Every structure is written in C-alpha cells, then in structure tokens.
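To keep things clear, I will list the structure first and then write my remarks on it.
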Amino acid sequence: MTDTHEHREANPTAHPEADRGTPAAPLPLSGVRVLDFSQVMAGPFSTMLLADLGADVIKIEPPTGDQTRSAMGFKMKGPDSMGFLNMNRNKRSITLDLKSEAGRETFYRLVETADILVENYRPGVVKKLGVDYETLKAINPRLIYASISGFGQTGPWADRPGFDLMAQAMSGVMSVTGHPGMPPVKAGVPVADIGCALFCTYALLSAYIGRQKSGEGQYIDASLFEAALAFSIWDTSEYWGTGVVPGPVGTSNKMSAPYQAVASKDGYFVMGATNQKLWVQLCGQIGREDLLADERFASNPLRLRNRAALIEELEKTFVIKTSDEWVDELLAVGIPAGKMSTYPEAFESEHGRHRNMRLEIPHPLEGTVPNIGFPVKLMGTPQQIRRHPPLLGEHTEGVLAEIGLDAGEIAGLKARGAFGA
C-alpha cells in the first residue's frame, strides 16, 4: 500500500511565485488526506500549513461550526471572522454531528481514507464521542493521529482547559515578559498556540515519513504548555547555570549588551552590538569613544551587569537624531539595527511586499480576503492558494460522494441527524 489515494483532487491555481514558465511540480503533500477535527488556533494553523503544501485537508466541524468563525469583536460581510479566514485557507469543510450514530458512521467512513487526523478537544472528550485513537486505529492502522491540548493527555494538569494565556503563565513565559517591577505581561502574539502548531506539524510530517518505512501510523500528544517551555532556552540555561531565577528584561537580551530598543529623537529603534568588535565600532561611529575607557563597559559580561547605565549613556547620544537616521547610519557600517514597525508598516514595507506576506484570496461572500503570506518559501514546489477559506459545510456532499455515498445515502444520513438538527 502506498501513501496516496487515487481519488485525490488535482491541484488548482498556483501561487504567482510558482509561475516560472515551466509546468508546476506536484506539491510535496499532494495525495495526503488530513482530517482537521480541531478548532480555534493551534490545530487549524497546523493543518493549514499542511494544506498550503498540497494536503487535502477536510475540516470536520460541528453543526455550529468552528468557534473561531464567530470570534473577534467586528463583523465581516459574511458570518466568518477574519481570524477564521486567516487560519483555514486551502481546506474543505463538512459538518458532522458526532453525537449522533449516523454522524459517527460517516466519520468512520472518512477515517478509512485518511492519512492524518488532528483534534484539540479536552482530554477524554474524543473517547466519549467514540473517535479516539484506539477506536480509529482499528479502522485504519495507518492513521497518524495528533491530539493538541493545553497540558498533554496525561499528568496532574491534563484535565484543565488549555488556552494560550494559561500556557504562557504556567510555563514561565509571562515571568520573563515585560519590564522589571511592572505587572505581568503576556507576549503580544500567541506563542504557545503557534509554537504548538509548529511542533505538531513537525511531528506529523516525521510520523508520516516513518510510516513509509513501518507501514504503521502512530499517536502524537502535543501541548501548549510544552511548546511554550521549549522556547525558554536562554532563560532556562541561565537558571540551570547560575541558580538565579530569570525575570523580565524588557527588550534586552540575556546574552549581550547593548542589544535592545533605545530612545531616539522621534521614538525608538532597535540595535545590537553583540560582540566586542561591534561594540568598539559602535562607540566610534556615534562619537562616544569615551565609553571604551569606562571600566563598567570593558567587556560583554560587564556591559550586561551594568546594562541600565550603559543604555542611559548611549541614549544621551541617540536622542540627537531620528530613528531612521540612526538605523541608516548603523546599517551602513554593518551594525545590526532596525526601526520599530506597526503591523501595517511591516506588511506594507518594501520588503514585506517583495516577500508576498499579504495575499488576496477570492471569496464567495467577502469578494477577496487578505491572508498572511507563506512564512517560508519552497523554491522547487512553491505553496499554493488552491481554495478559499471554506464556508461552513460547503463541501459536505462533495466529500461524501468521494467516499462512495450516493445522493440517497446522503439524504438518509441527513434524516438520521448526521449533519445536525
């Protein structure tokens, strides 16, 4: 048995970067079927990455839909939130009520055709629904099944509801975020959710490669808590090496100084003199050779120890010019620097546009919807926009027809409550 299914659809329109005047190669995951049985962020983001690479991702939603469809505090033209539209492109949507016998029967038929399944219900819920790994493994031994949760499937915290906020707090991420002496600060982006999505994706692809050798699927247990902890390399290394519990250091760094945001004439910019050569060069470039003779700043360990005084001295000079002026001047001599941007400024920057980090996707209700672009680029098999983010249940009949159900059987399932009341 191979890792493809003959009924897979062909790849539709390619992303513009794929148009190189030669026939497009098949996407890396073309022929791989993924059942996305997840909601909100970590699971849907992981499966969207697989979909961008060519996987046939079928989003299995309850009759009320993914919670994210109705999230956020503003309305679009249609019923789906912009958040949903940015995490579910290239997927197909079907609705199933797994609390009904007919819904479960239909789900089992889909599992027979699947390579991968991703779910993110609280531990124990899928067992009650009869769609846990052990049950589905009996139907399809080749199935790779990933469970995403707040704290994993086992352990003292396993039954707790898991969200990015809780994972950031309980993993220690919030303890090192913000400025000393200030109230707790959450990382501005959902690092636990996105981190878990990325780690889950790497595990899914690894398991899929392994299945080509073993012929067997396997179970993957991914958690937001562990994903957040995995980002703590520098802080944990400091603690294990010194016994000192890490705390927040604002925009600065545990490894070198100066390396942080600094005040300029019109705001802030970031810069880093991360080694002795760059430190000497910085002092010369800004006309502060006097700092080279200051014993508090003679070496990187001393600069770290005296960081507050160091930045105070540097800002005496930085405030005489604008951020743009300093960034241009420092970059010209090879010192890393950058202006602090808002998200609109980053997306609309010359570089953001060049890297296609804003995509416009045709949509049946919205006209077009903006989407965050592909975060990495595959040069030989570029990711593609093949489908708009799906409407709720948009592909139910088509997907069920693919697995051999005719119109009469689908009508019978509907009458038995397979798709909700």
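The values are calculated or read from the model by the stated rules, or taken from the named source; none is laboratory data. Owing to the predicted nature of the structure, the values given are computational and were not obtained by experimental measurement. Positions of Cβ are generated from backbone atoms using ideal geometry, with glycine treated the same way; all protein chains shown enter the neighbour counts. Protein only, heavy atoms only, side chains kept; ligands, DNA and RNA dropped before computing areas. Shrake-Rupley method; radii C 1.70, N 1.55, O 1.52, S 1.80 Å.
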Using a basic spin-label model with each label point 7 Å from the Cα along Cα→Cβ, how many nm lie between K186 and E360? 3.3 nm
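Using the eigenvalues of the Cα gyration tensor, what equivalent ellipsoid semi-axes result for the range 227-378 when each is taken as the square root of five times the eigenvalue, whole Å, largest first?
Details: eigenvalues 246, 104, 32 Å².
Largest first, the range 227-378 gives 35, 23, 13 Å.
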Given a Förster distance of 45 Å, report the FRET efficiency between Q212 and D294 from their Cβ-Cβ distance, rounded to the nearest 0.05. 0.15
Using the structure shown, list the pairs from K99/K128; K91/K137; K265/K339; K277/K316; K99/K414; K265/K316 with a Cα-Cα distance above 19 Å, or answer none. K91/K137; K277/K316
Using R₀ = 51 Å, calculate the FRET efficiency as 1/(1 + (r/R₀)^6) where r is the Cβ-Cβ separation of D324 and D159; round to 0.05. 0.45
Using the per-residue mean of other Cβ atoms lying within 10 Å as a proxy for protection, in what order, highest first, do the peptides 397-404, 94-101 fall? 94-101, 397-404
Counting just the Cα atoms, what span does the range 100-227 cover along each of its three principal axes? Round to the nearest Å and put the largest first. 56, 35, 23
Pop out the carbon and sulfur fraction of the accessible area of the range 106-173 as a percent, whole number, probe 1.4 Å. 59 percent
What does the accessible area per residue of the range 285-421 come to in Å², with a 1.4 Å probe and no ligands, DNA or RNA counted? 55 Å²
Would any residue of the range 266-284 have its amide N under 19 Å from a label point 7 Å out along Cα→Cβ of H179? List them or say none. 266-271
Can you give me the span-like helices of the chain, meaning DSSP H runs with 30 Å or more of Cα extent along the axis and Kyte-Doolittle mean at or above -1.0? 191-214
Between P258, P336, P390, which gets the highest mean-square fluctuation from a Gaussian network model of the chain, Cα cutoff 10 Å? P336
Here, V280 and A415, labelled 7 Å along Cα→Cβ, have an inter-label distance in nm of 8.7 nm
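With an 8 Å cut-off on Cα pairs and a minimum separation of 6 or more residues, tell me the relative contact order of the range 277-421 in percent.
Relative contact order, the range 277-421: 9 percent.
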When only alpha-carbon atoms are used, what values of Rg and Dmax, in angstrom, describe the chain? 25.5, 87
Counting each DSSP H run of 4 or more residues in the chain as -39500 (n - 2.57), what helix-only mean residue ellipticity at 222 nm follows after dividing by all residues, to the nearest 500 deg cm²/dmol? -10500 deg cm²/dmol
Per residue, in Å², the accessible surface of the range 35-121 once ligands and nucleic acids are set aside, probe 1.4 Å: 30 Å²
Paramagnetic reach from L378 in the range 34-48 [backbone N under 18 Å; point 7 Å along Cα→Cβ]: 34-35, 45-48
Tally Lys/Arg at +1 and Asp/Glu at -1 over every other residue whose Cβ is under 13 Å from the Cβ of E348; what's the total? +1
Could you work out what % of the accessible surface of the range 221-326 is carbon and sulfur, using a 1.4 angstrom probe and leaving DNA, RNA and ligands out of the count? 56 percent
For the chain, what's the relative contact order in percent, using C-alpha pairs closer than 8 Å and at least 6 residues apart? 21 percent
Using a 1.4 angstrom probe on the protein heavy atoms only, could you order K59, K254, K414, K137 from most to least accessible area? K414, K137, K254, K59
Cα-Cα separations in the range 89-149 greater than 16 Å, expressed as whole percent: 45 percent
Subtracting the Cα-Cα distance from 0.36 nm times the residue separation, let me have the gained length for T135 to M255 in nm, one decimal. 38.3 nm
